[in-house]
Structure formats: structure tokens, C-alpha cells
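Peer 1: So that we are looking at the same thing, I have put the structure below in C-alpha cells.
The values are calculated or read from the model by the stated rules, or taken from the named source; none is laboratory data. These numbers were taken from a predicted model, which means no experiment stands behind them. Using ideal geometry, Cβ is built from the backbone for each residue, glycine included, and neighbour counts are taken over all protein chains shown.
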Amino acid sequence: MGLRFRNQQFIFFLLATALLFIYACANPVAPTGGPKDNTPPEVLRSTPSNQSVNFAGDRVVMTFSEFVSLKDMNTQLVVSPPLSNPPEFSLRGKNLTMKFEEPLRENSTYNFFFGDAIVDLTEANPLTNYSFSFSTGPVLDSLSIKGKLLNAFNLQPVKGAFVMLYDSIYDSVPYKQRPYYLARTSETGDFVLNNLRDSKYLMFALTDINGNYMYDMPTEEIAFHDSLIKPVFHGVKLRAAIDSAGVLTDSLIIKTDSVLTVQEDHIHDSISDEHHDHSHIHDAEVLTQGVVIPSYTMLHFRETDTTQRLLKGSVIRKNVLNLVFRFPVRTLTFKPIEPEYSGDWAITEYNTNRDTITIWIPEPVTDSLLLEVADNGIVMDTLDVALTPALKTAARGKAAEIKPEKLTFRPSLKASKIRPDRELRLTFSDPVASFNPEKIRLYVDTILLTPEIGFLDSLQLRFSIKHKWKEGEKYLLEIPDSTFSSIFGHVNDSAGYKFTAITEAESGLLKINIELPVPGNYIIQLLDDKEVLLEERMISENTDLSFNYLSARKYLLKAIFDINGNGKWDTGNYLNKKQPEPVYYFQKEVEMRINWSIEEDWVVE
């Protein structure tokens, strides 16, 4: 009896162990410990196979190299042609099953773009941009579109953006619909859309911040092609094709089943002739007369946001406010609500981009201010600010030290050097109310000079000291205490600056002979190798430019086609079919050395 009971216990133990083992296999969990896994899962096989034809089933089963899980499948998956009901997904072991909830169309190629929805179980590494295709008929759509996505301002490749195709000609579709086809750009900005059917498409690119495949956020960057495009077959280029006269030709031959045909479709169908096409075909492979395999360049940009917003309002010094806006303001007004002011109660200055304004209040009534801020007549915010910054906390047992406020300035000297063709500038922290010109002393050796001095702006923030600097001469500028007085009554501390005028022997000269592509307004910029702007010139015709007194370093040359003549680069607008203003770069870096003179020819294209 006891033996039988023990046997029953043993059998029960074996059954329980087997059930636990089966449950563990069916419900894998991420292991803990060990080195971090950065390898995404791989598809080992699928039923049917990827890009198969004559599919008649109701499900696809994919087997992976490891256990996987699904992440945001409902938003990541894009199916073309679209399905009325999304597929149902299930995981069992290393298999993912996609079951269709409706009959599929006959003789149609289906594309499934999974985005980053399939991840491994251990570290959630995504199988990025995985796509699966099959045809319910005997033919798989085999047309393609390829191209490159570049940043419109600096022509750098854009990585990880979506390039989308729509089978609608309406401009509003990127705002309202998910794309019919899509691909993601590579590290080099290249993209390829495969398995396309023969039709005309609207092409749009998007940096999709919220992951819904629609252009619905003002901070998302976009690109668009000016006209409808048509995919082509990227066929086999067969040399030694013999024409009817027995002469060797170089034609594009397309093999479909057992039939050889020559591709002759025209691939460019313009929506409108009113707009210049700056998202153009590049690196096209011309394989025979009238036959082109195109590659499209699209320019990626952020539209100007029309929803203005005050990002930040702060007190940078006593009685000095700084307002930072989302984008350049048009007509800014600000009204003190409490206390009330009359007349010219404030002095204001915009920065170069007009997205930041500094407000000086020379005679504040109180230590606080309630300020209403409006742009173009629309009230954006009401600020309640203290006009005196909080004092820094002193060490324990010590009283907080209150230093007398001073008017400060900075000179335009770099490494105690000045270019002979430049003036010396002083930029002040606050508008200057008065100054004593007789206190300013400029010497060469011990000889007192009489430079031309004066303010460059109506606010009296920028002060100029002009002199015919001689190469190699050493100068001394002395500005005694209280030479300048601000609108707040603050005065400067004494300061002295020793500097030398640069010589040609310790600098370089760059001459550029410029040939423009078309007449118009161009901004020619000299940049350092980090693309920081150093100098710029405006030209409107072929010309020669010289950049002198350059330090030894690498330089870039950039041209902006200033179409509207406003002196700056302007972004694009999708609904107005306006591409960003074109930019061009000289084809190489210019490496300057001291005492060098370099001359280059630049055909801007």
C-alpha cells in the first residue's frame, strides 16, 4: 500500500514538473545578469517566404532567431494596400503569427512595414525597418523609387526620417492619412522604396516625432517633391544589346518572365509649372536615349511655426528684462499693467533673429512689474517679475556682500590681435547715457593717437574706435574709470588693452573667382570647419572675392540663393509649394596656412 502511494506521488511530481516546463517554454521571460545584448532579432524563415507569389492563405508565420515581443504594433505597422481590419498577432515560442481578419484582394502585392515594432525579449533591441511582401497573384509589384534626403540648410544627410508615398494627389494627405508606402533613410540619407505598383505618387518625407506617420506637429521636419512621381523598374543593364542595324548599343533591358522589353516610361509628371523644382533628380543613370533611372534629392526643413509663444521671461540684471520667443516676432508690444508708466518708460533692443528682446527700465517705480506681452496684436502672456534679482546666499555667519553695480564692456580683440581693415569695437552691457571722449587714450609705442570714435547704434550699446592700423604695430588702449556712464548711472572700471595689428606674413589670403548658376541675389559665406559664420558678402553677378588676414585653419565656403532678397536664408512652406532657398558648398575644404595666398575657381552648382 505504501509503495503504491509513493509511486503515485512520484508520478504526480513528474506531471507537475512537465507542466511547469511546458509553461516556461510557452511564456519566456527575459533573463537577468550577463553582458548586455545589443543584437536585434533575425528572421530565420517564414511561411510564406518573403516576396512570394500566389499567396492564398489567411496568415503569415515568421520564425525568429530568439524570443521576441511586440511594441506599439498598432501605430508602427503600415500595410499597403490598407486593410479595413488590422491583422491579429500572436506569439508562440520564437514564432510570430500574423492572421488576416478579412479576405485579401486578388492579384495584389501586399507590403507590411513593421517599423520598430518587433523587439527581442531580453533587451528590446528593435528589428528596425523590417518589411514583408507577398502577392496574391502570379506577379509581385517590382517597381522602385530611390533617392537621398538632405538637410536643406547645410546639405548634410538626414538619418532615420520616413520617406512616404501617397496614392492621392491632394496636398492635405500628409496631415490626414498614413502613407501608402514608406521607407526610412539610412545613415547616409539614402532611401529605397521597393515593390511599388505602377502609378503616380505624391512623395513626402517626415521626421515623425510622435510616431503616427502623419505631419501633425509644428516641430516635425519635412521634405516634399514638387511634382507627382512614377516608379520605375531598376532592371539589368545589359551591354552589347544589338540594334536592328547590328550595332552595339547600351540599353536598359527588363526581363519579365520570359519576355525582354525596353523600359521607356517617362517618370516626371509635374503638378504645377509655377514652382521651381529644387527637390530634383540627381545621379540619374542614363542607360539609353529617353530612358532614365532617377534618383531624387529631397531637402529637409522645418516650416516657420505660425503659433507664437513666449518661451522665457527673466531678469538678467537689476531693471533689465530678457524675453525669449519661439520664433521671430513681427510686431511686439508690451504694456505695464501695474504699476502704470507713461511716456518712454523703457528702452528695447532685438537680437539679430528678432526672437529675443532686451528691455531696460531706466527709472522703475517699484521693484516689481506686471507686464502684458502681445505679438501682432495677440496677447501671449502676462508676466509678474521682480526687477531686482535675488541676492546670493552668504556663508553662515557672514552678511551678504552687495557689490556696487558697474557698466561693463568687451572689446572685439581676438588673442590681442586686430585686423588692419577692421575697427575696434566695444560692446556695452547697458545703453550708455554719456561719455567723456577726452579720457579715451590710444597709443602706438608712446605716441598719443587721435582715432575716430563714436557709437554705431541709437541705443549706444556699440562703440567704435577707428584708426588706420599698421601691420605689426603695437597699440595700447586706455579707458579710465568713469569714462562711460549708463542710463542707470553706473560707470565703468578702468581698463587697458595691449594689441598688435596682424601682418600678411602671419596670416593668409583667399581669393575666390565665383561663377553663379543664374543671376540673382546671393549670400557668400566664409565658415570655419564647424560651420561657424566668420564673414559674409552679398553679390548679384559673377565676381572675384578676397578674404584676407585669415588665420591658419580649415575653411568652408557656402552660397545661399537669396531669392526674396532679404539678406538671410529662408525655409520652405509645404502648402504654398515653396522649397527652402537653395544653398551650395564649395566642393572642398580650404586649408589655409600662414603667409599663404590661395586662389580658387568656384562654379556654383
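Peer 1: Go through (1) over 21 Å from the mean Cα position of the chain (by Cα); (2) in a strand (DSSP E or B); (3) within 26 Å of residue 222 (Cα to Cα) for residue 564 and report which single condition fails.
Peer 2: For residue 564, the exception is condition (2).
Peer 1: Right, something else. Could you figure out which of (1) farther than 24 Å from residue 211 by Cβ; (2) out of contact with any Gly (no Cβ under 6 Å at 6 or more places or on another chain); (3) not aliphatic (A, V, I, L, M) isn't true of residue 88?
Peer 2: Looking at each condition in turn, residue 88 falls short on (1).
Peer 1: Can I ask one more? Listed residues 87, 103; which is free of Cβ contacts under 8 Å to residues at least 40 places away in the same chain, exposed (fewer than 12 other Cβ atoms within 10 Å of the Cβ), farther than 20 Å from residue 193 by Cα and of a type outside the set (Lys, Arg)?
Peer 2: Sole residue among the options that is free of Cβ contacts under 8 Å to residues at least 40 places away in the same chain, exposed (fewer than 12 other Cβ atoms within 10 Å of the Cβ), farther than 20 Å from residue 193 by Cα and of a type outside the set (Lys, Arg): 103.
Peer 1: Examine region 289-305 for a residue that is surrounded by fewer than 18 Cβ atoms within 10 Å (Cβ to Cβ) and more than 30 Å from residue 194 (Cβ to Cβ), and state whether such a residue exists.
Peer 2: Yes, region 289-305 contains at least one residue that is surrounded by fewer than 18 Cβ atoms within 10 Å (Cβ to Cβ) and more than 30 Å from residue 194 (Cβ to Cβ).
Peer 1: Any idea how many residues of region 202-236 are part of a strand (DSSP E or B) and either within 22 Å of residue 148 (Cβ to Cβ) or basic (Lys, Arg) (or both)?
Peer 2: Total satisfying the criteria: 11.
Peer 1: Next question, about the same structure. Hey, does region 452-471 have a residue that's of a type in the set (Ser, Thr, Tyr) and surrounded by 13 or more Cβ atoms within 10 Å (Cβ to Cβ)?
Peer 2: Scanning region 452-471, I find at least one residue that is of a type in the set (Ser, Thr, Tyr) and surrounded by 13 or more Cβ atoms within 10 Å (Cβ to Cβ), so the answer is yes.
Peer 1: Mind checking whether some residue in region 153-164 is out of contact with any Ser or Thr (no Cβ under 9 Å at 6 or more places or on another chain), in the same structural domain as residue 204 (by TED's automatic domain parsing) and within 14 Å of residue 111 (Cα to Cα)?
Peer 2: The answer is yes; a qualifying residue exists.
Peer 1: Same structure, new question: Considering every residue within region 177-197, establish whether at least one is among the small types (Gly, Ala, Ser), surrounded by fewer than 19 Cβ atoms within 10 Å (Cβ to Cβ), at pLDDT 90 or above and part of a loop (DSSP other than H, G, I, E, B).
Peer 2: No, every residue in region 177-197 fails to be among the small types (Gly, Ala, Ser), surrounded by fewer than 19 Cβ atoms within 10 Å (Cβ to Cβ), at pLDDT 90 or above and part of a loop (DSSP other than H, G, I, E, B).
Peer 1: Residue by residue through region 68-109, note down the ones that are among the aromatic types (Phe, Trp, Tyr) and touching a Lys or Arg at 6+ places or on another chain (Cβ under 6 Å).
Peer 2: none
Peer 1: Follow-up question, since we're still on this one. Given the criterion out of contact with any Phe, Trp or Tyr (no Cβ under 6 Å at 6 or more places or on another chain) and farther than 30 Å from residue 587 by Cα, identify the matching residue among 145, 169.
Peer 2: 169
Peer 1: Identify, please: which residue in region 298-308 is modelled with pLDDT of 85 or more and not in a strand (DSSP E or B) and is, among those, farthest from residue 576 (Cα to Cα)?
Peer 2: 302
Peer 1: Right, something else. Has region 582-590 got any residue that is more than 22 Å from the chain's Cα centre (by Cα) and buried (at least 19 other Cβ atoms within 10 Å of the Cβ)?
Peer 2: yes
Peer 1: When you go through 599, 515, 541 one by one, which is the residue that is outside the structural domain of residue 442 (by TED's automatic domain parsing), of a type in the set (Asp, Glu) and closer than 28 Å to residue 414 by Cβ?
Peer 2: 599
Peer 1: Checking the condition small (Gly, Ala, Ser) and assigned by TED's automatic domain parsing to the domain that holds residue 199, which residue from 115, 147 passes?
Peer 2: 147
Peer 1: More than 17 Å from residue 575 (Cβ to Cβ) and modelled with pLDDT under 90: does that describe residue 271?
Peer 2: Judged against the criteria, residue 271 is not a match.
Peer 1: Suppose the filter is among the hydroxyl-bearing types (Ser, Thr, Tyr) and touching a helix residue (DSSP H, G or I) at 6+ places or on another chain (Cβ under 8 Å); does residue 585 pass it?
Peer 2: no
Peer 1: State the number of residues belonging to region 519-563 that are touching a residue at least 40 places away in the same chain (Cβ under 8 Å) and β-branched (Val, Ile, Thr).
Peer 2: Number of matching residues: 2.
Peer 1: Right, here's the next one. Which residues, taken from region 76-88, are under 20 Å from residue 137 (Cα atoms) and part of a strand (DSSP E or B)?
Peer 2: The answer is 79, 80.
Peer 1: Scan region 333-392 residue by residue and report those that are small (Gly, Ala, Ser) and assigned to a strand (DSSP E or B).
Peer 2: Answer for region 333-392, where residues must be small (Gly, Ala, Ser) and assigned to a strand (DSSP E or B): 368, 374, 386.
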